[in-house]
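Input: a single structure, listed below in structure tokens.
The values are calculated or read from the model by the stated rules, or taken from the named source; none is laboratory data. Only a predicted model underlies this, so the values are computations on that prediction, with no experimental measurement involved. Counting neighbours? That spans all protein chains shown, and the Cβs are built from the backbone with ideal geometry, glycine included.
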Amino acid sequence: MSRRVVGVLGGMGPEATILLQQKVLATVQANDDSDHLPLLIDMNPQVPSRIAHLIEGNGTDPGPALAQMAQRLEAAGATALAMPCNTAHHYALAIRGAVSIPFLSMIDLSVAKAAETLKPGDAIGFLASPAVQSAGVFEAALSAHGLRAAWPADGPRMLSAIRSIKAEGPTEAACRILNAAAQELAEQGAAMLFAACSEFSLMAEQLDVGLPVLDTVDVLAAAIHKHIQRAVGPPKALRQICA
């Protein structure tokens, strides 16, 4: 039985991409190397800044770079694509338009997962970059399930925590910011929290608030597992990814 292969658009940031690999690894009960799931990873930290493009308004559009990565992964044998960056899903149309294989949207998958337990009208509290809010990354998926979003009031503080984690890794200061935002969202009446920034996914287990927390990277890892474990025909040869 051959396996499908997921291509990962990575590097946004590098540690978040490694976290996705670890979470995919954890979905498998393996006795040997061959039991694990095959991934193709384009680790490209040089994708133009999503923050500069969406918030600061002075950055290069990341869409073309993401489309090129998607094409490289498809050419190398990927049968589906995944991307562990919530903000970069703003450019999902550019990715989908560049390839003929499915794109596993962590946005759509995560909201659908939340809708299994929430009721229409419930609010999801977002621990995310303010770019996710300003670009409306989750809005269509939330609307389709009759859910709504709650956001921390201090977006710049959330952005400072993200930048700190990118530079220094998970720190006590960033953890305090994240937990304060989580408490604020609970007080707003959120029924569930989303760790919807892959930097915050590095710290999701440190959240101390009496609400269920859904990590969008966990949802993506489960979707990758599900896709790969489906039987397909003879596998494509995995060719080296060329820049």
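Data overview
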item: Criterion violated by residue 33 - all others in (1) farther than 20 Å from residue 199 by Cα; (2) at pLDDT 95 or above satisfied; result: (2)
item: Qualifying helices (runs of 4 or more DSSP H) (wholly inside the range 141-218; at least 3 residues being of a type in the set (D, E, K, R), in the same structural domain as residue 130 (by TED's automatic domain parsing) and over 19 Å from residue 106 (Cβ atoms)); result: 155-168, 172-187
item: Test for residue 88: is it assigned by TED's automatic domain parsing to the domain that holds residue 42 and within 19 Å of residue 14 (Cα to Cα); result: yes
item: Residues satisfying the stated conditions in the range 134-166, i.e. within 15 Å of residue 56 (Cβ to Cβ) and touching a helix residue (DSSP H, G or I) at 6+ places or on another chain (Cβ under 8 Å); result: 134, 135, 155, 156, 159, 160, 162
item: Complete set of residues in the range 89-112 that are more than 18 Å from residue 227 (Cα to Cα) and under 14 Å from the mean Cα position of the chain (by Cα); result: 89, 90, 91, 92, 111
item: Any hit, the range 110-124, residues being in a helix (DSSP H, G or I), aliphatic (A, V, I, L, M) and in the same structural domain as residue 224 (by TED's automatic domain parsing); result: no
